[in-house]
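Comments concern the structure below.
Rule-based calculations on the coordinates, nothing more; no lab input. If you're wondering where the values come from, they're calculated on a predicted model, not measured in any experiment. Using ideal geometry, Cβ is built from the backbone for each residue, glycine included, and neighbour counts are taken over all protein chains shown.
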Amino acid sequence: GKYIWSDGDEYVGEFKDDKPNGQGTYTWSDGRKYEGEFKDGKKHGQGTFYYTNGSVYVGEFKVGERYGKGTYTFPSGGKYVGGWKDGGMNGQGTHTWNDGGKYAGDWKDGRPNGQGTLTYTNGDKYVGEWKDSRKDGQGTYTYEKGEWKEDQYEGEWKKGEKDGHGTYTWSVGSKYVGEFKNGNFWNGTEYDKDGNIFGKWVNGVFQK
């Protein structure tokens, strides 16, 4: 069957009890479009949703919302593949950016939350805990390129910065062990590659 609403919305497909039920295509007057399964007039089951900005969602729906497993492709070429709940990214999922960056891990309310691994475009990698899209909790950051190549930080993070107790190891084998504050060495000890004390940091100031 086919039905056109007064506002210009259009549905072509199967009906039951005067509502879209089964397979069908619903096109909104603003250009949005859904192709897939319906139940009692709502998107329910497998389907594809086309947004006006060029993004596309392919996956499961429940009572009108994205729910279950699905793939969302952004207009920029980025892509999210994973779990959905209440219309947002939730559960396990992988977000790949068109520049090569990639996050794989836990999501909650559309943001990285929980355990996850972020691989940066330049090859740097963070493995650890997240809170609202920011590194927060325990985590390990490994540098891949540039002046910090093969350096590694392992320890606590707060709001995206190294903050709390941690160990920074240089590629040559020397290391700093102690407290970090806003990404900086704060109160701790620096060791050379043989494990001998090289100096101390007190409130962000190095003392030989």
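Quick notes on this one:
- Alpha-carbon Debye profile of the range 1-98, log10 I(q)/I(0) at 0.10, 0.11, 0.13, 0.23 Å⁻¹: -0.28, -0.33, -0.46, -1.14
- Annotation note: trypsin sites (Lys or Arg not before Pro) in the range 1-80 located in DSSP loop regions with a Cβ neighbour count of at most 15 within 10 Å are R32.
- In terms of other Cβ atoms within 10 Å, S6, S29, S55 run from fewest to most in the order S6, S29, S55.
- Shown here for the range 128-177: trypsin sites (Lys or Arg not before Pro) in loop regions (DSSP other than H, G, I, E, B) with at most 15 other Cβ atoms within 10 Å, namely K145, K149, K159.
- Here the range 102-208 is treated with +1 on each Lys and Arg Cβ and -1 on each Asp and Glu Cβ, and its dipole about the Cα centre works out to around 200 debye.
- Candidate aspartates and glutamates for bridging to K149, where Cα separation is under 17 Å - those fewer than 8 sequence places away on the same chain excluded: D124
- Kirkwood's formula applied to the C-alpha pairs of the range 102-208 gives a hydrodynamic radius of 14.4 angstrom.
- Proximal lysines to K102, defined as alpha-carbon separation beneath 19 angstrom and excluding residues fewer than eight positions away on the same chain: K69, K79, K125, K131, K135, K145
- Highest-MSF residue in the chain out of T96, T48, T27 [GNM, Cα springs under 10 Å]: T27
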